[in-house]
1. Expected output is a single nm value to one decimal: the length gained when fully extending between Tyr46 and Asp576, i.e. 0.36 nm times separation in residues minus the C-alpha distance. What is it?
2. Within region 462-624, what percent of beta bridges assigned by DSSP are antiparallel, to the nearest 5?
3. Of Ser558, Ser47, Leu486, which is farthest on the positive side of the dipole of the chain, counting Cα position, with +1 on Lys and Arg Cβ, -1 on Asp and Glu Cβ, and the Cα centre as origin?
4. Of all DSSP beta bridges in the chain, what percent run antiparallel (nearest 5)?
5. For a quick check: with amide H placed at 1.01 Å from N, whose amide H comes under 5 Å from Lys510's, ignoring anything fewer than 5 positions away on the same chain?
6. What residue among Ala114, Ser422, Ile185 has its Cα farthest toward the positive end of the dipole of the chain, where the charges are +1 on Lys, Arg and -1 on Asp, Glu, each on the Cβ?
7. What ranking, highest mean first, results for peptides 24-31, 598-605 when packing means the other Cβ atoms within 10 Å averaged over each residue?
8. Scanning the chain for helices, which whole DSSP H stretches are 27 Å or more long along the axis (Cα) and average 0.0 or more by Kyte-Doolittle?
Amino acid sequence: MSSSHKGKSKSTKTATLTLGALGVVYGDIGTSPIYAFNESVHAGGYSRAEILGVLSLVFWTLMAVVTIKYLTVVLRADNRGEGGILALFALMPNRIRDARKGAYGFVIFLMLMAAAFIFADGLLTPAISVVSAVEGIKTVNTDLSFLIVPITVIILAALFTFQFKGSQKIGALFGPVMVIWFATIGFLGISQISQNTDSLVALNPVYAMSFIGSHGLHTLVVMSSVILAVTGAEALYADLGHFGKGPIRLGWYSLVGPALVLSYFGQGALVLRDPSSIGNSFFGMVPSGLPSILLLLLTTLATIIASQALISGVASIASQAIQLGLLPRLKVRHTNEEHRGQIYVPLVNALLAAGSIALVLIFESSAALAGAYTFAIAGTMLITTLALYFVAKERWKISKYISYPVLALFAVMDLAFLISTSTKVATGAWLPMLIGFCLGSMMWIWRKGRFELNHRLVETSMTWSSIKRMRTQKKVALTENVGIYLSAVTDAVPQALEQQISVLGSMPKKIIVVTIESVDNPKSHATPEFTKVNDFLATVKLESGFMEQRNIPRALRSKAIADHFDEREAVYFVTDRTLLPNDKTGLNRLEEIIFATLHRNAADPAKYFNLPAHRVITFDVAVDI
């Protein structure tokens with residue numbers, strides 16, 4: 001292929017991913033102008049100086065949080081292309097990442113809570129976005145208000161149902177709509193600014209500082225509304241694996257950023273020119289009649305799309321949590337061969353769907369959910385900054401004279417947002433706090449429990465030398481078949497083999513220990529490696545790409561393996577562990593119950609690895625933890 005064709009192909013791919021990013025990543029932050037400026041002005045005041053001060057706060061918050069912090073700094077902290085708080089977790093030094101107590105342990109628990117906050121946002125954002133859109137029915141006919149909840153539930157059900165198609169296909173569907181959306185709000189902003197350029201003076205940060213100086217602590221109340229302008233900023237990072245840095249940055253600088261700024265300054269120009277439009281500054285930018293109806297329809301589509309950013313982010317976080325050993329093994333489907341991070345997690349998607357629909361049925365309106373909307377975002381932003389400190393210091397080796405001032409600025413800004421949104425605890429912020437603590441604790445317990453379980457298994461495991469001695473001394477019967485055992489570690493005796501010896505007093509004449517190594521390519525074309533250890537033991541190493549189903553039988557029938565044994569005549573031996581409480585472990589009674597419950601509900605290995613049901617023998621192994 002010529003260099004010109006390669007360049008064209010790369011450009012086409014970038015354009016496609018950028019379009020997808022517009023439909024998936026920027027849906028949430030892209031619809032903030034509908035309500036963020038109105039809410040901020042309502043909290044800040046209606047005088048000219050106050051309106052300009054609020055507008056300046058919105059603009060500089062947008063620049064500081066999105067352009068500087070996330071797009072310039074945070075997106076650099078990727079883990080093999082994946083983003084989000086758990087990418088930072090994976091990049092942490094081992095001494096911190098493995099900590100289970102002390103100051104470092106507390107840092108890790110905060111990071112797990114931040115990951116849980118993303119889950120909370122995945123519940124809240126679809127509920128609020130769709131409800132706020134459907135509530136527009138009231139502007140057409142107040143008698144139709146009773147349809148808001150049923151229509152919202154139907155839309156949410158449809159949105160979550162189509163997640164299995166993958167974020168690229170959803171983004172390709174939503175992308176063009178969001179292009180129209182950003183072009184429209186940008187054009188409306190320009191039309192208002194052309195009629196009144198007074199709002200442009202708010203580009204000067206002096207107006208923001210003057211507002212802070214004159215309003216003192218009340219600024220915190222205002223900032224709890226200003227943060228609405230950057231809801232979805234964390235999704236830029238969480239969705240990094242879906243589209244990559246380049247397309248996400250290109251989408252912001254070429255379209256999203258300018259459109260948002262024009263929309264906010266257009267609304268500022270409108271309320272300065274016509275104070276009666278305060279409280280309706282977004283829809284007030286178009287005349288009544290057909291233009292108003294068309295904008296309402298476009299807004300409805302855009303706010304439905306807005307929920308996709310957090311849904312995709314939660315899928316990424318869930319997948320990373322499984323890989324990092326923070327959640328039990330769940331079924332994960334990769335939906336795009338060309339981009340590793342585009343995934344669908346059926347169980348997580350079902351839980352998000354049920355949770356979002358339940359919130360709509362319980363709270364019934366966007367106003368009732370508003371108090372809960374921003375706290376989780378503020379908490380995640382602050383913890384991201386904290387984790388970024390360790391990554392910058394340990395991984396990037398950036399001079400403290402550069403990193404400390406920048407991160408301190410981020411921390412002050414994030415802390416101000418967290419304190420401001422904490423004022424809404426009684427009116428809804430308790431919900432993400434509760435979800436964050438519960439889910440974060442669950443990940444902490446799973447992580448701690450796996451350490452205790454692995455420690456226990458190492459303590460009690462047999463050695464291959466003892467296995468060989470049993471065979472030599474004929475203390476165990478040998479069956480005339482090939483036994484296949486799965487193991488994460490090649491030189492460890494599989495627990496299924498130990499149980500077979502203990503319960504049946506036998507073992508296969510020929511033992512095959514299979515290990516699987518994940519690779520970062522869509523498909524692995526590597527030949528399975530067969531290694532004969534001795535006259536009865538052999539190992540097989542398989543590689544699995546991220547787009548491939550882990551089908552062990554099919555891999556073992558390949559020509560490289562078939563010459564050594566016939567997989568179709570082999571028997572698979574797996575374990576189903578039953579965890580028993582043990583007072584000598586580091587888990588308390590409640591932690592033991594939670595860990596055992598999670599372990600019991602992890603994916604069945606026989607199904608996960610596509611083992612033939614009629615040739616699988618499962619041993620129920622009791623393990624003290």
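Only the coordinates and a few stated rules stand behind these numbers; no lab work does. Predicted model, so just to flag it, every value in this text is computed and none were measured. Don't worry about glycine lacking a Cβ; one is built from the backbone with ideal geometry, like all the others, and counts go over all protein chains shown.
1. Working: separation 530, 0.36 × 530 = 190.80 nm, distance 6.54 nm.
Here the segment from Tyr46 to Asp576 would lengthen by 184.3 nm.
2. Details: 4 of 33 bridges.
Of the beta bridges lying entirely in region 462-624, close to 10 percent run antiparallel.
3. Ser558
4. Numbers: 7 of 36 bridges.
Rounded to the nearest five, the antiparallel share is 20 percent.
5. Here the answer is Asn481, Gly483, since their amide H atoms fall under 5 Å of that of Lys510.
6. Ala114
7. Numbers: 24-31: 29.4, 598-605: 14.9.
Peptide ranking by packing, descending: 24-31, 598-605.
8. Values: long enough: 3-24 (31 Å, -0.31); 102-134 (48 Å, 1.92); 167-195 (40 Å, 1.06); 290-323 (51 Å, 1.58); 375-394 (29 Å, 1.40); 400-422 (32 Å, 1.34); 430-460 (44 Å, 0.25).
Going by DSSP H runs, the hits are 102-134, 167-195, 290-323, 375-394, 400-422, 430-460.
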